[in-house]
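Peer 1: Questions regarding the structure given below will be posed in turn.
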Amino acid sequence: MPEPTSPIDSLRERPNADVLIIGGGINGLAAFRDLALQGVDVALVERGDFISGASAASSHMIHGGIRYLENGEFRLVHEAVTERNALLLSAPHYVRPLRTTIPIGSTFSGLFTAPLRFLRHGKGPRRPRGALLIKIGLVIYDSFSRGGGRVPRHSFHGRRRSLAEIPELHPDTAYTATYWDASLHDPERLAIDVLRDGRAAGGDRARAANHVAAVATRDGRIVLRDESGTETTFTAPVVINATGPWTDLTNDALGTPTRFMGGTKGSHIVLEHPRLLEATAGRELFFENNDGRIVLIYPLKGRVLVGTTDLEHDMADPMVCTEDEVDYFIDLIGQVLPGIPVDRSQIVYRFSGVRPLPGHDGLAPGFVSRDYRIEAATLGSGETTSTLLSLVGGKWTTFRASGEALADRALEIIGMPRRTSTRGRAIGGGAGFPTTEAAHRRWVDTHAGTVAPERVAELLDRYGTVAADLVAAIAADAEDAPLVHAPRYSTAELRHLARTEDVHHLDDLLMRRTSIAFTGGATSAAVREIAEAVAPVLGWDAAAIEREVRLAEQRVHAANPSWEDASTHLEEEVV
């Protein structure tokens, strides 16, 4: 059994770099990849698991942000549509066209109040958006795709055709507008691909450690601490704070207080509900609720994702999907699809996160800019000083662009030229991903052998062309077998992920390297079976297995409080 190692070890051995990135969400990882490609000596630390903070609470969409047009954020929408189109090509294994339908109840509603709300920054009367206002927005939205469009243009239908296509819609639906954005099938896995690309580009000059926090400064050096309490100090002429909604808290810990952030909380629920899934007709339903919040009902992985809220949040409070929010989601499903009953027993997963929005001084949450900016400050004093760059804002769709912006600022400070662009560069398993049926068959036939073609096809869908490594690992593992309690996964597959993808805790595997928890598969029996399967490669003895099972059950239960399998363990303290 291998001896467990700490993620902090590589940083202690060489406690310096050109750039230190704090924060392993998608924006920090994008900057890490970009800088590694430029040959920069770059290190990254994340206090939890990679992609476990705000980036793990996404609506699983890559979109231009049609509603931001009402805020006048034309630059952001143009950039986001451009990045969406690029990701459809650079990450086709996870980013795919998404047909989106807006149910509409009237023709002219909101046509006059929307401009007034824009001029008053979200204040004033709110009326649902009618067909004419939505038509204007979609014409503008489509125009941003000209010259590089990767999705079809929008269409409008009246009541008869709308109800023929989606029969469960509310009978008072007057029109539907259908346009195309993109789905983000697996956000956490795409982020792991970004991380993998950075490490491959930079070798030993691109180091990244999860479960390591930046907790203070000491004599101008950043103090890093792992979960065991082991500390080391680290120096870099550029420090990038990419901790999202925690940006101010991180800067306070580094001795450079700021008040940049004012994030809002967004929650989602995931339902196992075959009738609701069928009612979506394979498309996202996207609409405005009576309170002005944008709502989505979205088929994903055989489940239905429903979100999202937009609530003011104090970062000192826990981020949880509350019972009031669940009531809100169930009520809104009834508003759009009134004939489909939904209750809590059908929820298999809940999640909540805080958007990394700038402070907004009473501005209505929906009108707070989703754009990003970079703030610079001096960290330390005397001979040991660094430039601290704080990313304020940022969203999944524009992660490549914000990573590029951070990298450009860092390159300017350390005096290194940009030698390549990430624009158009394939990400991870998107490289060589077969996008036609014939190419898909060829890829599967080429890699099948010891592993059956059906299994190879499933792995290709799950990991992109990185699946070649999974196929090889499965073929080389004589003890590989399907899991009894999660049969779509196998023991060798999970052992490979645990060995190669920075898995330190069982919930890293259940909640972020796989979709097991998201789809409701993290039952008590499955959690234990998976722990025992990966224990040999992670160096877990019997006591460690018990500890990891209890911790994972607690965290899965936090994501889905109605899950009863973990209830007998929740009162036990995790050592």
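Peer 1: Just the number, please: percent antiparallel of the DSSP beta bridges in the chain, rounded to the nearest 5.
Peer 2: 75
Peer 1: Charges at C-beta only: +1 for Lys and Arg, -1 for Asp and Glu. How large is the resulting dipole of the chain about its Cα centre, in Debye rounded to 20? Please list the in-between numbers first.
Peer 2: On the way: 62 positive and 75 negative charges, 567 e Å.
Computed about the Cα centre, the dipole is about 2720 debye.
Peer 1: Please state the relative contact order of the chain as a whole percent: Cα pairs under 8 Å, 6+ residues apart?
Peer 2: The normalised contact order for the chain reaches 19 percent.
Peer 1: Another question, then. Using θ = phi - 60° and the Karplus curve 6.51 cos²θ - 1.76 cosθ + 1.60, what whole-Hz ³J(HN,Hα) does each residue of the range 136-144 get, with Gly and Pro shown as x?
Peer 2: 4, x, 6, 4, 5, 4, 4, 5, 6
Peer 1: Please report the projected area of the range 387-508's Cα convex hull averaged over all directions, in nm².
Peer 2: 11.1
Peer 1: If we sort 183-195, 324-336 on the protection proxy, mean other Cβ atoms within 10 Å, highest first, what's the order?
Peer 2: On the way: 183-195: 24.3, 324-336: 17.2.
Order by mean packing, descending: 183-195, 324-336.
Peer 1: Determine, for each peptide in 534-542, 80-88, 97-105, the mean count of other beta carbons within 10 angstrom over its residues, then list the peptides with the highest first. It would help to have the intermediate numbers written out before the result.
Peer 2: Working: 534-542: 16.1, 80-88: 22.8, 97-105: 20.9.
So the order, starting with the most tightly packed, is 80-88, 97-105, 534-542.
Peer 1: Between the range 243-274 and the range 387-460, how many Å separate their Cα centres?
Peer 2: For the range 243-274 versus the range 387-460, the Cα centre distance is 25 Å.
Peer 1: Quickly rank 411-423, 230-242 as a protection proxy: mean count of other C-beta atoms within 10 Å, highest first. Intermediate values should be presented prior to the final figure.
Peer 2: Details: 411-423: 13.5, 230-242: 21.6.
Packing proxy ranking, top to bottom: 230-242, 411-423.
Peer 1: Ok, one more. Two decimals is fine: what's Rg over Rh for the range 325-431, C-alpha atoms, Kirkwood radius as Rh?
Peer 2: Details: Rg = 21.4 Å, Rh = 18.6 Å.
Value, to two decimals: 1.15.
Peer 1: Residue by residue, what Karplus-based ³J(HN,Hα) values in Hz, rounded to whole numbers, does the range 526-531 have, using 6.51, -1.76 and 1.60 with θ = phi - 60° and x for Gly and Pro?
Peer 2: So the J values, rounded to whole Hz, are 5, 4, 5, 4, 5, 4.
Peer 1: Can I ask one more? Any chance you could get the radius of gyration and Dmax over the Cα atoms of the range 151-211, in Å?
Peer 2: 21.9, 62
Peer 1: Using the C-alpha atoms of the range 1-74, what convex hull volume per residue, in cubic angstrom, is computed? The partial results should precede the final answer.
Peer 2: Numbers: hull volume 12.2 nm³, N = 74.
Dividing the Cα hull volume of the range 1-74 by its residues yields 165 Å³.
Peer 1: Would you kindly derive the ³J(HN,Hα) couplings of the range 168-180 from the backbone phi angles with the Karplus curve 6.51 cos²θ - 1.76 cosθ + 1.60 (θ = phi - 60°), listing them in order in whole Hz, with x for Gly and Pro?
Peer 2: 7, 4, 4, x, 7, 4, 8, 8, 10, 10, 10, 9, 10
Peer 1: Mean projection of the alpha-carbon convex hull of the range 225-321 over all orientations, in nm²? Spell out each step's value before the answer.
Peer 2: Details: hull surface 40.9 nm².
Reported value for the Cα convex hull: 10.2 nm².
Peer 1: Rounded to the nearest 500 deg cm²/dmol, what is the calculated helix-only ellipticity per residue at 222 nm for the chain, with -39500 (n - 2.57) per DSSP H run of length n ≥ 4?
Peer 2: Values: 17 runs with 195 residues, N = 575.
Roughly -10500 deg cm²/dmol at 222 nm, from the helical runs in the chain.
Peer 1: Per residue Cα convex hull volume for the range 254-383, in cubic angstrom? Walk me through the numbers on the way to the answer.
Peer 2: Details: hull volume 19.2 nm³, N = 130.
That works out to 148 Å³ per residue.
Peer 1: I've got another one for you. Take the Cα radius of gyration of the range 121-262 and divide it by 2.2 N^0.38 Å, with N its residue count; two decimals is plenty. Provide the component values of the computation, followed by the final result.
Peer 2: Values: Rg = 24.6 Å, N = 142, 2.2 N^0.38 = 14.5 Å.
Dividing the Cα Rg of the range 121-262 by 2.2 N^0.38 Å gives 1.70.
Peer 1: Let me ask something else. Any chance you could get the radius of gyration and Dmax over the Cα atoms of the range 46-99, in Å?
Peer 2: 13.4, 37
Where a number appears in this text, it was derived from the coordinates with a stated rule and is not lab data. This is a predicted model, so every value here is computed, not measured. Using ideal geometry, Cβ is built from the backbone for each residue, glycine included, and neighbour counts are taken over all protein chains shown.
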